[in-house]
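Undergrad: Quick one: the structure is below, and I'll ask about it shortly.
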Amino acid sequence: MKKEQGFEKAKFEIILSGRSNVGKSSIIRELTGKKVKVGKRPGVTLKPAHSLRSDLLITDLPGFGFMSGVKDRKQDIVKDQIVRYIEDNADRIKIAVLVTDAVSFIDVVERWESRNQIPIDIEMFDLFNELGFDTIVAINKMDRIKDVEQQERLDGIVEKLGLTPPWDQWNYIIAPTSAKKGDIKTLKGLLRKRLHDIKRDDLFKYI
């Protein structure tokens with residue numbers, strides 16, 4: 001996949017990646033105020049969706065994994081396209097946000113592990129780190145986890161990512177979110193801190 005045309009101005013890219021229907025598009029809508037296609041049916045987004053503000057490009061990558069009405073072969077093609085897009089644009093991608101589902105993440109990972117396979121979510125997390133992206137994990141749909149269970153759930157998720165619990169020692173890369181409730185303040189804070197660290201406070205107005 002060649003670099004997409006029309007984004008020559010973009011010098012700084014933030015990508016959001018994750019399993020189908022984890023809420024990437026909803027998070028981007030909350031982040032940017034831009035209306036993007038949000039669907040209840042997994043796999044609505046089949047190609048990257050972009051929002052270009054100044055020289056900042058925010059990209060919603062297609063969801064990977066199960067897609068309703070999409071054959072397995074097509075799912076593999078979409079996964080390959082995602083990886084190719086990331087590799088082709090690695091020089092301008094500065095921040096990668098892996099969006100996960102707080103409700104289903106552990107179950108999905110354990111299902112893959114039971115087949116002695118590496119879950120795609122974990123592959124993506126490792127790929128982002130290998131490529132040197134500043135990586136954030138947005139754990140979405142936290143509003144669906146009871147308050148008394150949230151600490152244990154977050155600890156379980158970071159452990160599956162290969163990190164040592166408790167989760168809050170990783171609070172500079174872990175962002176509990178509830179996009180449907182409009183609660184993405186932790187994610188916004190982590191993004192803005194990274195922009196500030198590289199002296200790009202001018203981009204705050206776009207996030």
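Undergrad: Which loop-located trypsin sites (Lys or Arg not before Pro) does the stretch 85-181 contain, where loop means any DSSP state but H, G, I, E or B and the Cβ has at most 16 other Cβ atoms within 10 Å?
TA: Here the sparse-neighbourhood loop sites are Arg92, Arg115, Lys146.
Undergrad: How much length would be gained if the chain were fully extended between Asp183 and Asp55, taking 0.36 nm per residue of separation minus their Cα-Cα distance, in nm to one decimal?
TA: 43.5 nm
Undergrad: To check you understand DSSP bridge types, tell me what percent of the beta bridges within the chain (both residues inside) are antiparallel, rounded to 5.
TA: Bridges in the chain that DSSP calls antiparallel: roughly 20 percent.
Undergrad: Stokes-Einstein D for the chain at 10 °C, 1.306 mPa s, Kirkwood Rh over Cα pairs, in µm²/s?
TA: 92
Undergrad: Can you pull the three principal axis extents for the Cα set of the stretch 132-207, in Å, largest first?
TA: Cα spread of the stretch 132-207 along its principal axes, largest to smallest: 38, 29, 15 Å.
Undergrad: Obtain the nm distance between the two label points defined at Ile77 and Ser104 by a simple spin-label model: each point lies 7 Å from its Cα along the Cα-to-C-beta direction.
TA: 2.3
Undergrad: Which entries in Lys160/Lys188; Lys79/Lys199; Lys79/Lys181 show an alpha-carbon gap greater than 26 Å?
TA: Lys79/Lys199; Lys79/Lys181, as the Cα separations exceed 26 Å there.
Undergrad: Near Leu61, within a Cβ-to-Cβ distance under 10 Å, what is the net charge of the other residues, with Lys and Arg +1 and Asp and Glu -1?
TA: Summing Lys/Arg as +1 and Asp/Glu as -1 gives +1.
Undergrad: Moving to a separate point now. If you stretched the chain out fully between Leu131 and Lys11, how much longer would it get, using 0.36 nm times the residue separation minus the C-alpha to C-alpha distance?
TA: 41.5 nm
Undergrad: How much length, in nm to one decimal, is gained on full extension between Glu123 and Gln150, taken as 0.36 nm per residue of separation minus their Cα-Cα distance?
TA: 7.3 nm
Undergrad: Sum -39500 (n - 2.57) across every DSSP H segment of at least 4 residues in the chain, then divide by the residue count to get the 222 nm mean residue ellipticity, nearest 500.
TA: -10500 deg cm²/dmol
Undergrad: Place +1 on the Cβ of every Lys and Arg and -1 on the Cβ of every Asp and Glu in the stretch 143-187, take the dipole about the Cα centre, and give the residue among Thr177, Leu161, Gln151 whose Cα lies farthest towards its positive end.
TA: Thr177
Undergrad: Nearest 20 debye, what's the magnitude of the dipole of the chain about its Cα centre given +1 on Lys and Arg Cβ and -1 on Asp and Glu Cβ?
TA: In total the dipole reaches around 1140 debye.
Undergrad: To continue, here is another question. How many nm separate the modelled label positions at Thr32 and Lys193, each set 7 Å beyond the Cα in the direction of the Cβ?
TA: Label-label distance for Thr32 and Lys193, simple model: 2.4 nm.
Values in this text are rule-based calculations from the coordinates and carry no lab data. Model, not experiment: these values are computed from the prediction. All Cβ positions, glycine included, derive from the backbone under ideal geometry; neighbour counts span all protein chains shown.
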